[in-house]
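One structure is given here, and the rest of the page talks about it.
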Amino acid sequence: MRKLALSLILLLFILNAFCQVDNAVPIKGVISKLQSFYSGNTLEKVYLHLDKPWYFVGDTLYFKAYVTFGEQHEPSKLSEVLYVDLINPENKFLHSIKLQLNNGLAWGDFTLPDSLRKGNYKIRAYTKLMQHVTGECLFEQIIPVESSYNPKVVKLPQKDTKPDIQFFPEGGDMIFGVTSKIAFKAIDGNGAGLDVKGNITDNKGDTITTFNSSHLGMGFFFLHPEEGKNYKANVIYPDGRQASIDLPAPVSSGIALKVYNDDPDKLTIGVRTNKAFLDNNKGQSFYIVMNSGVNVADGTIKLTNPSMDVDLPKKRFRTGVVQLTLFSSSGEPLSERLAFIQRPDLLKLDVSSDKSTYNDYEKVSLSLSAKTASDSLVSGHFSVSVIDESKVSVNENNENTILTWLLMSSDLKGYIEQPNYYFADINKQTISDLDVLMLTQGYRRFTWKQLLGKGYPPVAYQAQKGLDIKGVITAAQGKSVAGIKVDLANLDGGPMMKGVTDTSGAFDFKYLCFSDSTRFLLKAVSDKNKNKLIIKYIEETPDPVIEGYLPQARLLATDKFLTLASLEDSTSLANTFSKYSLGKGIMLKEVKIRQSKPEEYRTIPYAGDADQVVSFENSTSDGLLSDKLNGILLGVMFITDTNFPNVKIPYLTVAQRLKGYRPMLIMVDGAKLPPGSSIDEIPFNDVQKVEVFRNASASAFGSLGGGGVISITTYKGPRPISRMPARDVLQIAAHGFYKARGFYSPKYQNTFNANYIDKRATVYWAPEIVTDKNGNAAFEFYNAGGQGVYRVVVEGIDDKGNIGRQVYRYKVE
């Protein structure tokens, strides 16, 4: 092999810095079209940091959203609206909220009612700007939900799903006379990796080489195809089943890219060709184009030898996926390869505590220090989660983190199993396995054929700067009416806005900012058509769910890890593989898009008739909810909690309180109100109705309802309007920005109720911790009532797009 001083001047990540060669005109056209594509297809990414990896029914799911722009991952200042959906195992919407983004940051929560059944739920997040790219750019994560705090490992019956395996020659093709690295990936019917072994035989039946998967059904082997021979892979699956599969046929004349990525300091790019191709193309120029999203660079080589390499220092790269494509002198793409660059360029986060060991209910003080890779001080935005690992076990390899998503998973195709395996403990084996992942699940936002041909159409979606209220005005006969003046008034206060219907009778008030369930009045103004116009409000609905993106395997909670078990059979072998992986030669099955209406929460699915029901459907007053309910709920008294001074606890009678009876159980939208939380955190204007269950009526709630039950139902959608005029005037309650609930962190004093046990799994959640100009921040909280190891996870970003993550543990004895 000969090391060649190629004229490959790669000023990486600097636009318009290209090599100058005499016959580079075709490649200039390629670069120009690539740059036009990126400039017209702005890329935003969103990542959600969740407070814990899996949940129980009745929990609250807390999250922090990070929206970034471009491959530098700078906090996006483009979109100002983020959509977040909670989706059930049947791909139906449970709840959808909108969050107001401030420099790419927002946070929110979902309540998981007791009425939910256990299973695999999903959380999905996106901006409107992300809708011009394929579904893989949307953030979507599996959320396992269990029904008990003492989950048992249940062995689900395994269905007889036929496994599958695919082979991926590096660079695209096997070439006669050229040694090729061939990656493979084996999966079961649910898309999970399947460990396999086997051998490669030629058409004479001779064994050429053997292979074994190294990680999650993935691995590789080398093969030197010889003229006149074809090859088969003889595969042995874990259950003993065997299969014989034809490998892709080698080409008689060809050229391919090779990448050597095992050296931590350099990336070696190789070009390999056989004698037939070299004889026909010797001395001709070929081009290598490298891009990592918006950033593009290129270089040229003159083909003089069958094996040519060039070394590139990795210090010119940032951590992430790089796409390399080899072009002919006429601008035809010939070979392609993805590589992942791992560099020490992430934020350095350090977490320290005032003690190494604590007692339960003891105050904990933590300090955070943030620096760049060059040890510069960082002022950044971070989110912090603290969980009790004795209640919520964690398999770190399974975790989806700010690093795995923004740097890797969002740039690959399909479901990435155990993404944090490649980041948690970087070593030679994980680097090798990550390179195989690049070969088996490579993905790009465009195809060269379309890009270099007709190109891509203009983007239909733009960055959303606010909320819309839109609708249509028609005459009584249903015909749209143009030129009608429309007034929009905020009934909760604000200026009057004016608009005019277009030729289709539509109106649209843009760039609005209002909270959820804000009441508006729409009025059609027309002297000619007075009392003859009908206003229709067009409510925004969530985007359709794309089926088949995440595997329908079920994650079961165990005492140490999450295991993968089968839930459903696979109907098509080829479609099973195409759902979860994409490589050269694999055609994805067309996804089915189904529009689903949000599934309504069943507030109390197992209770009978309440003893008292109080409706607040048309209330507009403010104030504390406990104060409003005092005197309205018969026999109910609200008394200050001795453990939580800001919390008022309801009892059916004062006598019950004095005798030490259990307080009333409070349910909010079907979920138990967590200890330390107050019903006064619920805005009174958001309450639709309150139900009281006493004695026999409360028996359906079990022992928890022994002291009676208060069930609070809030508005899940637009507030119903009791009198909705059919003509000229329409009152609506529009879906606005969701206001995140604060995480209640109790402050235990020297004395507290010994009979009270704090069983919280999430001990602390802070969605916004900002480091000062010296890169420092401090926060404190109190431990819950459990002994064991507590796990602190810090994730975040600075203004320049540097991201970081740190895990810290301390003991509670």
Inset, instruction - Given a cut-off of 27 Å, name the pairs among Lys92/Lys532; Lys122/Lys759; Lys98/Lys811; Lys92/Lys498; Lys773/Lys811 whose C-alpha atoms lie farther apart than that in the structure shown. - result: Lys92/Lys532; Lys98/Lys811; Lys92/Lys498; Lys773/Lys811
Inset, instruction - Using the structure shown, select from Lys64/Lys162; Lys77/Lys258; Lys128/Lys485 the pairs with a Cα to Cα distance greater than 30 angstrom. - result: Lys64/Lys162; Lys77/Lys258
Inset, instruction - Provide the gained length on full extension for the span Asp487 to Asp262, in nm with one decimal, where the gain is 0.36 nm per separating residue minus the Cα-Cα distance. - result: 74.5 nm
Legend entry - Long pairs among Lys348/Lys413; Lys45/Lys510; Lys510/Lys648; Lys33/Lys314, criterion Cα-Cα beyond 32 Å: Lys510/Lys648
Inset, instruction - Please work out how much accessible surface Asp114 shows to a 1.4 Å probe, ignoring ligands, DNA and RNA, in Å² rounded to 10. - result: 40
Legend entry - Cα gyration tensor shape for region 215-294, rounded if a/c is under 1.5, else prolate or oblate: oblate
Inset, instruction - May I ask you to order 326-333, 184-191 by the average number of other C-beta atoms within 10 Å around their residues, highest value first? - result: 184-191, 326-333
Inset, instruction - Convert each backbone phi in region 311-317 into a coupling constant with the Karplus relation 6.51 cos²θ - 1.76 cosθ + 1.60 (shift: θ = phi - 60°), then list the ³J(HN,Hα) values in order as whole Hz, x for Gly and Pro. - result: 9, 10, x, 5, 5, 7, 9
Inset, instruction - Take Cys513, Cys137 and sort them by solvent-accessible surface of the protein heavy atoms, 1.4 Å probe, largest at the top. - result: Cys513, Cys137
Inset, instruction - Could you sort 678-687, 58-67 so that the peptide with the highest average Cβ count within 10 Å comes first and the rest follow in order? - result: 58-67, 678-687
Inset, instruction - Set the Förster distance to 35 Å, then compute FRET efficiency between Tyr661 and Asp468 from the Cβ-Cβ distance, nearest 0.05. - result: 0.10
Legend entry - Point-to-point label distance, Thr430-Lys479, nm (Cα→Cβ direction, 7 Å offset): 7.0
Legend entry - Segment Thr541-Asp202, length gained on full extension (0.36 nm per residue, minus Cα span): 116.4 nm
Inset, instruction - Rounded, prolate or oblate: pick one for region 155-314, where a ≥ b ≥ c are the square roots of the eigenvalues of its C-alpha gyration tensor, a/c under 1.5 means rounded, and failing that, prolate if a/b is larger than b/c, else oblate. - result: oblate
Inset, instruction - Rounded, prolate or oblate: pick one for region 237-366, where a ≥ b ≥ c are the square roots of the eigenvalues of its C-alpha gyration tensor, a/c under 1.5 means rounded, and failing that, prolate if a/b is larger than b/c, else oblate. - result: oblate
Inset, instruction - Using a 1.4 angstrom probe on heavy atoms only, work out the carbon and sulfur share of the accessible area of region 213-297 in %. - result: 50
Inset, instruction - Enumerate the calculated ³J(HN,Hα) couplings along region 58-65 in order (Karplus 6.51 cos²θ - 1.76 cosθ + 1.60, θ = phi - 60°), each rounded to whole Hz, writing x wherever the residue is Gly or Pro. - result: x, 6, 10, 8, 9, 8, 10, 9
Inset, instruction - Please give every one of the aspartates and glutamates within straight-line cross-link reach of Lys118, meaning a C-alpha to C-alpha distance under 15 Å, and leave out same-chain neighbours fewer than 8 residues apart. - result: Asp59, Glu90, Glu146
Legend entry - region 250-365 - charge dipole about Cα centre, Lys and Arg +1 at Cβ, Asp and Glu -1, debye rounded to 20: 360
Legend entry - HN-Hα J in Hz across region 105-117 - Karplus 6.51, -1.76, 1.60, θ = phi - 60°, x for Gly and Pro: 10, 6, 8, x, 6, 10, 8, 9, x, 4, 6, 5, 8
Legend entry - Highest-first arrangement of 480-490, 75-85, where packing means the average Cβ count within 10 Å: 75-85, 480-490
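The values are calculated or read from the model by the stated rules, or taken from the named source; none is laboratory data. Model, not experiment: these values are computed from the prediction. Cβ atoms come from the backbone with ideal geometry, glycine included; neighbour counts cover every protein chain shown. Keep in mind that these areas ignore ligands, DNA and RNA; they rest on the heavy atoms of the full protein, side chains included. Shrake-Rupley method; radii C 1.70, N 1.55, O 1.52, S 1.80 Å.
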